[in-house]
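**Student:** Got a structure here, written out as structure tokens. Questions coming.
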Amino acid sequence: MLVGVTVVCLLFAWWAQEQRLIVEAKLQVNTESKVGPGDEFHFQPLKHDNLLHQIDDCARSSSVLIAALRDPSIAHLDVVKRHGDPVQWLTNHLEVDFQEASRLLMLRLRGREDDKDDLIQLVDAIARSLCKEVAIVDRRDSLARRDEKMRRSIELKEKIQRKLTHLDRQARQLGEESVEVKLGREELDVLRQVWRKSFAEIEADEADLGASARVVLIKPPTARSE
């Protein structure tokens with residue numbers, strides 16, 4: 001009797017271990033201004049399409065995975081400790097499915113039934129790490145674009161000042177009604193309009209820099225059988 005019970009328990013343990021499952025988290029690349037659940041993340045419209053194409057690579061990037069594994073509660077999971085290089089393991093096995101039309105992003109890990117709880121915690125950590133990383137990357141890119149616009153704006157303002165000095169000198173020599181001076185004044189007006197437009201764009205960029213994450217976790221990780 002005891003032997004029979006032992007055999008049944010061993011068979012059940014083997015079955016549970018060999019059962020395969022998929023753990024999946026669903027995220028949304030934001031397209032509208034809104035606040036995420038619990039006010040944890042604040043969103044603004046995505047303005048740069050190239051960011052959409054970067055998300056797939058970003059999800060498997062070492063910065064996202066290392067940030068997720070930095071949490072001791074994640075680093076000490078059995079499913080993580082089982083691998084000598086968990087970052088490389090995740091890079092190879094994390095499935096990223098980005099549907100650009102709907103802007104839905106699915107993160108998936110496949111594993112054993114007895115690792116279910118560990119896999120759920122791990123995928124959840126990766127998803128949240130991705131949300132924060134996209135915010136950092138987008139903000140860094142926004143700062144770079146703003147700084148480049150500011151550099152060009154300063155150069156244009158200096159050009160306007162040099163042209164104004166030159167026109168004032170021409171006006172004293174040729175008179176305000178001369179063709180050269182009139183054409184120069186018209187060109188100067190155009191340059192001023194361009195500068196005002198560029199300055200307005202910089203101010204708008206400054207306002208946008210207050211936005212943080214562009215991706216939100218809309219469905220926490222769940223498990224299903226393969």
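**Student:** Take the stretch 163-184 and flag every residue that is of a type in the set (D, E, K, R) and either surrounded by 13 or more Cβ atoms within 10 Å (Cβ to Cβ) or part of a helix (DSSP H, G or I) (or both).
**Tutor:** Step one: filter the stretch 163-184 for residues of a type in the set (D, E, K, R), giving 163, 168-169, 172, 176-177, 180, 182.
Result: Lys163, Asp168, Arg169, Arg172, Glu180, Lys182.
**Student:** Output the residues belonging to the stretch 91-105 that are surrounded by 13 or more Cβ atoms within 10 Å (Cβ to Cβ), in contact with a strand residue (DSSP E or B) (Cβ under 8 Å, 6 or more places away or on another chain) and over 16 Å from Glu226 (Cα atoms).
**Tutor:** Let us first name the residues in the stretch 91-105 that are surrounded by 13 or more Cβ atoms within 10 Å (Cβ to Cβ), namely 91, 93-98, 100, 103-105.
In the following step, the residues that additionally are in contact with a strand residue (DSSP E or B) (Cβ under 8 Å, 6 or more places away or on another chain) were identified as 93-98, 103-105.
Result: Val96, Asp97, Phe98, Arg103, Leu104, Leu105.
**Student:** Right, next: Report, ordered by the first and then the second residue, all pairs with beta carbons closer than 6 Å, sequence separation of six or more or different chains, a first member in the stretch 191-203 that is within 10 Å of Leu156 (Cβ to Cβ), and a second member that is among the hydrophobic types (A, V, I, L, M, F, W, C).
**Tutor:** Pairs that qualify, where the first residue is within 10 Å of Leu156 (Cβ to Cβ) and the partner is among the hydrophobic types (A, V, I, L, M, F, W, C), are Leu191/Ile160; Trp195/Leu156.
**Student:** Please determine, by comparing only the residues of the stretch 73-90 that are without any contact (Cβ under 8 Å) to a residue 40 or more places away in the chain and more than 24 Å from the chain's Cα centre (by Cα), which one is surrounded by the fewest Cβ atoms within 10 Å (Cβ to Cβ).
**Tutor:** The qualifying residue surrounded by the fewest Cβ atoms within 10 Å (Cβ to Cβ) is Gly84.
Residue-by-condition table, conditions (1) assigned to a loop (DSSP other than H, G, I, E, B); (2) assigned by TED's automatic domain parsing to the domain that holds Pro221; (3) closer than 17 Å to Ala59 by Cα:
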| residue | (1), (2), (3) |
| --- | --- |
| Gly84 | yes, yes, no |
| Thr91 | no, yes, yes |
| Ser102 | yes, yes, no |
| Leu119 | no, yes, yes |
| Ser129 | no, yes, yes |
| Lys149 | no, no, no |
| Gln161 | no, no, no |
| Val190 | no, no, no |
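**Student:** Pick from the stretch 124-161 the residues that are β-branched (Val, Ile, Thr) and at pLDDT below 70: which of them is surrounded by the most Cβ atoms within 10 Å (Cβ to Cβ)?
**Tutor:** Of all residues in the stretch 124-161, those β-branched (Val, Ile, Thr) come to 126, 134, 136-137, 154, 160.
So of that shortlist, the ones also at pLDDT below 70 come out as 136-137.
Numbers: Ile136: 13, Val137: 18.
Within the stretch 124-161, the match that is surrounded by the most Cβ atoms within 10 Å (Cβ to Cβ) is Val137.
The values are calculated or read from the model by the stated rules, or taken from the named source; none is laboratory data. Every value quoted in this text rests on a predicted model; they were computed, and no experiment measured them. Neighbour counts run over all protein chains shown; Cβ positions are idealised from the backbone, glycine included.
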